[in-house]
Amino acid sequence: MNTWIAIGATALGCYAVKLAGLLVPAGALEKPLVRRLAALLPVALLAALTAQQTFADGHALVLDARVAGLAAAALALVLRAPFLLVVAAAVVVTAGVRAMGG
Amino acid sequence: MQTCALSLLVFTGASQFALVGALAAGGNPLTAAAGAFFLGVRNAFYGLRLSQLLALPRAVRPFAAQWVIDETTAVALAQPTRRSTRIGFAVTGLSLYVLWNLTTFLGALGADAIGDTDAWGLDAAGPAVFLALLAPMLKTGTERAVAGLAVLLGLGLLPVLPAGVPVLVAALAAPAVLFLEGRRRGTARNDAHNSDVPAHHNDVPEEDS
């Protein structure tokens, strides 16, 4: 049930901002500060999410096979690998390290 | 079922992954939704550009809105004429919407067949997706500062705050860095101004009194 609440809230919110962009007159959202903030919010959220899902185990911070997987993904990104290859690198390396007992 | 509803109704990938990630970590549904919402805010700015380019009748806009995402905007903005912009938006929107939901459905079916997703390293797929989405955004020092501060906040607060909340606090890295940047620029401007008129240095303490 809780999951449905989250899905409903996210669906409504995400649809509302999409529609707002199409309907709102340009002036209201075109302020440079608002634009900068909207560009930087995803940066902050994605960075925090990446870090948490790499190092978090519940409420504890841990170093496990995921770190090796993320390092592989980062390397793939530096080498300008396509999206799927980046994700595949992380998955394969994480599974590999785990299989070796890491 | 819930996964499919998410793809059908939300249809903006980063928000979906964020929501699932926060819920999987035991987050409160509303804080999870708030994080997903902030990730979707950028779509409003895509809509802003698109509404000028597409020039859609008002009645069509609520239907077009669901397809306002990264990919459709990128394709539409690359088109030279209004006609091709509209075609690009519609074709990209439709094909992505169909494929996204079809593959979500297959993924939801397949998850049961796979069994223990951790043994396959699939728990690393989530952060890798975020990293891949994040990397092209880190163009200047400002973005890197925001990302670094957000990582510190997100990890540092993880042990002490309820699940899902640290990510929301980490979002404050964006306004915080903007504020500091604005102050620095303001100070730099004042310094430049003051160097023209040295007598008005009021922020330097008078030492030889």
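Summary of values
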quantity	calculated
Cα→Cβ-extended label distance, 7 Å offset, between A:HIS59 and B:LEU109, nm	4.1
Descending Cα extents along the principal axes, chain A, whole Å	57, 40, 24
Semi-axis lengths, Å, the protein assembly as shown, gyration tensor of Cα atoms, sqrt of 5 times eigenvalues	35, 29, 18
Axial C-alpha extent at least 15 Å, average Kyte-Doolittle at least 0.5 - helices from chain B (DSSP)	B:13-24, B:29-40, B:82-114, B:141-156
Under-5 Å amide H pairs with A:ALA56, H placed in peptide plane, nonlocal only	A:VAL62
Whole-number percent relative contact order across chain B, with pairs defined as alpha carbons under 8 Å at least 6 apart	23
Simple Cβ-charge dipole of the range B:134-196, Lys/Arg +1 and Asp/Glu -1, about Cα centre, in debye nearest 20	60
Range of Cα positions in chain B per principal axis (Å), largest first	80, 50, 27
Stretch gain in nm, segment B:VAL60-B:ARG83, where the contour uses 0.36 nm per residue and the Cα spacing is subtracted	6.7 nm
Within the range B:1-115: Cβ-based charge dipole about Cα centre, in debye rounded to nearest 20 (Lys, Arg +1; Asp, Glu -1)	620
Which of B:GLY110, B:GLY88, B:ALA128, positive extreme of dipole for the protein assembly as shown (C-beta unit charges)	B:GLY88
Computed P(r) (all Cα pairs; the range B:1-115; 5 Å bins; percent)	2, 11, 19, 20, 17, 13, 9, 5, 2, 1
Under DSSP loop assignment and at most 13 Cβ neighbours within 10 Å, longest GluC sites (Glu not before Pro)-free interval of chain B	B:1-205
Those trypsin sites (Lys or Arg not before Pro) in the range B:1-64 that DSSP places in a loop and that have at most 16 other beta carbons within 10 Å	B:ARG58
Furthest towards positive pole of dipole, A:LEU75, A:LEU23, B:PHE37, structure part the protein assembly as shown, Cβ charges	A:LEU23
Cβ-placed point charges (K, R +1; D, E -1), dipole of the protein assembly as shown about Cα centre in debye, nearest 20	1360
Solvent-accessible area buried by A and B, counting both chains, probe 1.4 angstrom, square angstrom	6300
Per-pair calculated FRET efficiency, R0 = 22 Å: A:VAL78 and B:LEU180 via Cβ, rounded to 0.05	0.20
Solvent-accessible area, 1.4 Å probe, carbon plus sulfur percent, for the range B:134-196	66
Chain A: most fluctuating residue of A:LEU41, A:LEU33, A:LEU22 per GNM, C-alpha cutoff 10 Å	A:LEU22
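The values are calculated or read from the model by the stated rules, or taken from the named source; none is laboratory data. If you're wondering where the values come from, they're calculated on a predicted model, not measured in any experiment. Note that we place each Cβ from the backbone using ideal geometry, even for glycine, and neighbour counts take in every protein chain shown. SASA here: full protein model, heavy atoms, side chains in, ligands and nucleic acids out. Shrake-Rupley method; radii C 1.70, N 1.55, O 1.52, S 1.80 Å.
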